[in-house]
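**Q** Provided herewith is a single structure, encoded as C-alpha cells, for subsequent inquiry.
The values are calculated or read from the model by the stated rules, or taken from the named source; none is laboratory data. What you see is a predicted model; the values in this text were computed from it and never measured. Cβ: placed from backbone, ideal geometry, glycine included. Neighbour counts: every protein chain shown. Protein only, heavy atoms only, side chains kept; ligands, DNA and RNA dropped before computing areas. Shrake-Rupley method; radii C 1.70, N 1.55, O 1.52, S 1.80 Å.
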Amino acid sequence: MNRGYLVSFEGQDATGKTELLYRVNYALRKRGYETSVVEEFSNSPIGNYLRELLTRDKFLRMQNDIPTAFSGAMYVIADLYYQDEHEIKPKLNEGKIVLKERHIDSLFACEIPKIRDEYPHITTELLYNWIESVSTHLYIPDLSFLLIVPEDILIERIRSRGESVSDEDLRVFAEREKIYRRLAEKHKDRIVVFDNNKEIEKLSLIHISEPTRPLYISYAVFCLK
C-alpha cells in the first residue's frame with residue numbers, strides 16, 4: 001500500500017485554519033478519499049497539558065518567575081513527536097490523507113518569538129538552526145496551507161471571540177508573521193499561501209493529482225463572502 005499524505009494548516013490565531021481544514025476534509029471525503037483529521041495537540045498527557053495551558057495564555061507561555069521558553073518549546077516538540085508516532089504514522093501507513101492543524105512550520109513561528117523574549121542575546125538564526133536540528137525526525141508535510149490575514153481583520157476576529165488584543169499581542173503576531181512568510185519563501189514547493197481576508201463560504205473544488213510527489217492541489221477555488 002502506498003504511503004498516505006500529510007497536509008498541514010498553518011497560520012496565526014483566527015486566520016481560518018480550522019474551518020479550511022474541515023472544508024478540505026469534507027471535499028476530499030466527498031470525492032472518495034480516505035482522510036484522518038489530527039488536532040493541534042495530541043491526546044497524551046503532554047497534549048492535554050498544552051490544551052490547558054492554552055486556556056490561560058494564547059501564546060502557551062508558562063507564567064513563572066524564571067525563564068521557561070526552552071522548556072515550553074520542548075513540551076511542544078515532544079507532543080509533535082508523539083503525534084507523529086501515534087496519530088500520524090499509523091494513518092499514513094494506511095494510505096490516508098492526514099489533515100493536521102499546525103505542524104512543523106508553527107513550531108518555528110510560535111516558539112522562536114517566545115524564546116527570544118526571554119533570551120534576547122540568542123539570534124533568530126541560531127534558533128532556526130536549533131529547531132531544525134531537534135525536529136529532524138518529524139514528518140515534513142507533503143503540502144501546507146499558510147493562511148494570512150491583515151492585522152485589522154485578525155484583531156476583529158479575535159475580539160469577536162470575546163478575547164482581548166493588546167499591543168504586546170500585536171508585537172508577537174508581527175514576529176510570527178515574519179517567520180511564517182520566511183518559511184513560505186523558503187519552501188515554495190510545499191507551502192501554499194492564502195490571503196484569507198474574508199470568511200470562507202465554501203470550497204467549490206479541490207482536485208488532487210499525483211504525477212509526482214509531493215502531493216499538490218492542481219486547482220482550488222474559494223467562494224468568498
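**Q** Give the ranking of His187, His121, His103 by solvent-accessible surface, highest area first, calculated with a 1.4 Å probe.
**A** His121, His187, His103
**Q** I want to make sure I understand the PRE zone here: with the label point 7 angstrom from the Cα of Glu85 toward its beta carbon, which residues in region 109-147 have backbone N atoms less than 14 Å away?
**A** Within reach of a label on Glu85, which here means backbone N under 14 Å from a point 7 Å along Cα→Cβ, region 109-147 contributes 137-139.
**Q** Any chance you could run the full-extension gain for Tyr49 through Leu126? It's 0.36 nm times the residue separation minus the Cα-Cα distance, nm to one decimal.
**A** 24.9 nm
**Q** Here's another thing I want to ask about it. Give me the net charge for the shell around Asn43: Cβ to Cβ below 12 angstrom, other residues only, Lys and Arg +1, Asp and Glu -1.
**A** Residues near Asn43 contribute -3 overall.
**Q** Could I have the simple spin-label model distance between Tyr119 and Glu39, label points 7 Å from Cα toward Cβ, reported in nm to one decimal?
**A** 3.0 nm
**Q** Relative to the present Cα-Cα distance, how much length would full extension add between Asp152 and Arg56 at 0.36 nm per residue of separation?
**A** Full extension from Asp152 to Arg56 adds 32.2 nm.
**Q** If each residue of separation counts as 0.36 nm, what is the full-extension length gain between Arg182 and Thr136 once their alpha-carbon separation is subtracted?
**A** Taking 0.36 nm per residue and subtracting the Cα distance, the gain is 14.7 nm.
**Q** What base-10 log of the normalised intensity I(q)/I(0) is obtained for region 33-104 from the Debye formula, alpha carbons as equal point scatterers, at q = 0.14 Å⁻¹?
**A** These q points yield log10 I(q)/I(0) values of -0.48.
**Q** Additional query: For region 148-198, report the % of Cα-Cα distances exceeding 13 Å.
**A** Details: 809 of 1275 pairs.
Everything past 13 Å amounts to 63 percent.
**Q** Hey, what do the phi angles of region 143-160 turn into as Karplus ³J(HN,Hα) couplings, whole Hz, using 6.51/-1.76/1.60 and θ = phi - 60°, x for Gly and Pro?
**A** Karplus-based 3J(HN,Hα) across region 143-160 equals 8, 10, 9, 10, 9, 10, 9, x, 4, 5, 6, 4, 4, 4, 5, 5, 5, 5 Hz.
**Q** List the trypsin sites (Lys or Arg not before Pro) within region 1-105 that DSSP assigns to loop and that have no more than 13 neighbouring Cβ atoms inside 10 Å.
**A** On the way: sites: Arg3, Lys17, Arg23, Arg29, Lys30, Arg31, Arg51, Arg56, Lys58, Arg61, Lys91, Lys96, Lys100, Arg102; in loops: Arg3, Arg31, Lys58, Arg61, Lys96, Arg102.
Within region 1-105, the qualifying trypsin sites (Lys or Arg not before Pro) (loop, at most 13 other Cβ atoms within 10 Å) are Arg3, Arg31.
**Q** Something else now. In nm, to one decimal, how far is the Asn93 label point from the Thr18 one, both placed 7 Å along Cα→Cβ?
**A** Each label point lies 7 Å from its Cα, and together they span 3.1 nm.
**Q** When 1/r is averaged over all different Cα pairs and the result inverted, which Kirkwood radius in Å belongs to region 71-131?
**A** 13.0 Å
**Q** Mind listing the long-range amide H neighbours of Ser36? Cut-off is under 5 Å, sequence gap 5 or more, other chains count too, H placed in the peptide plane at 1.01 Å from N.
**A** Ile97, Val98, Leu99
**Q** Moving to a separate point now. Find the centroid of the Cα atoms in region 180-196 and in region 1-78, then give the distance between the two in whole Å.
**A** Cα centroid of region 180-196 versus Cα centroid of region 1-78: 18 Å apart.
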